[in-house]
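Single-structure report; data block below.
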Amino acid sequence: MANEDCIDAVNMYTCTCSAGYAGTPCADIDECASTPCMANEDCIDAVNMYTCACSAGYAGTPCAVDCSVTNTCMNGGTCHATGDACICDAGYTGDLCGTGPLQGLSDNETCFRDFYFF
Ligand SMILES: [Ca+2]
């Protein structure tokens, strides 16, 4: 039957599921079920294997922010030339500059990292 291998033997044969298939009837195993990919990656199930690909907006190995693809820098941040991070305006942090600004401070106040609101 579909997705089965025939095993020849003396005066008989048996059928077993092909590699990557299991069950009755033989069905594709979801190799992505164990979430084998790393952060910022999508798992793509295939026959007896899986592949990991960077999620939208990410590129490189390991997958990091690729702002040059999606122009996703926020709050006035600009994309670094290598595309792997945003250069954030003062007061903003994070890969995409999505964190900040500092809250409760006026322009003339000095702030310290420990006082950031996340
Ligand atoms: Ca599969």
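One residue is enough: does segment 57-77 have a residue meeting the conditions of a type in the set (Gly, Ala, Ser) and within 16 Å of the ligand (Cβ to nearest atom)?
no
Residues being assigned to a loop (DSSP other than H, G, I, E, B) and either in contact (Cβ under 8 Å) with a residue 24 or more places away in the chain or assigned by TED's automatic domain parsing to the domain that holds Met1 (or both): count how many of those fall in segment 35-53.
Initially, segment 35-53 is screened for residues assigned to a loop (DSSP other than H, G, I, E, B), giving 35-40, 47-48.
Retained after the next criterion (residues that are either in contact (Cβ under 8 Å) with a residue 24 or more places away in the chain or assigned by TED's automatic domain parsing to the domain that holds Met1 (or both)): 38-40, 47-48.
Residues flagged as assigned to a loop (DSSP other than H, G, I, E, B) and either in contact (Cβ under 8 Å) with a residue 24 or more places away in the chain or assigned by TED's automatic domain parsing to the domain that holds Met1 (or both) within segment 35-53 amount to 5.
Of all residues in segment 1-22, which are out of contact with any Cys (no Cβ under 6 Å at 6 or more places or on another chain) and either within 12 Å of the ligand (Cβ to nearest atom) or hydrophobic (A, V, I, L, M, F, W, C) (or both)?
If the condition is that a residue be out of contact with any Cys (no Cβ under 6 Å at 6 or more places or on another chain) and either within 12 Å of the ligand (Cβ to nearest atom) or hydrophobic (A, V, I, L, M, F, W, C) (or both), then Met1, Ala2, Ile7, Ala9, Val10, Met12, Ser18, Ala19, Gly20, Tyr21, Ala22 are the ones that fit.
Scanning segment 23-34 for residues that are touching a residue at least 12 places away in the same chain (Cβ under 8 Å) and assigned to a loop (DSSP other than H, G, I, E, B), which turns out farthest from the ligand (Cβ to nearest atom)?
Here the answer is Pro25.
How about segment 54-83: which of its residues are outside any loop (DSSP other than H, G, I, E, B), under 16 Å from Asn40 (Cβ atoms) and of a type outside the set (Phe, Trp, Tyr)?
If the condition is that a residue be outside any loop (DSSP other than H, G, I, E, B), under 16 Å from Asn40 (Cβ atoms) and of a type outside the set (Phe, Trp, Tyr), then Cys54, Ala59, Ala64, Val65, Cys67, Ser68, Val69, Thr70 are the ones that fit.
Residues to consider are Ala9, Ala39; find the one that is surrounded by fewer than 15 Cβ atoms within 10 Å (Cβ to Cβ), within 17 Å of Leu96 (Cα to Cα) and at pLDDT 85 or above.
Ala39
The values are calculated or read from the model by the stated rules, or taken from the named source; none is laboratory data. Since this is a predicted model, take the numbers as computed values, not measurements. Here the Cβ is made from the backbone with ideal geometry for all residues, glycine too, and neighbour counts use every protein chain on show.
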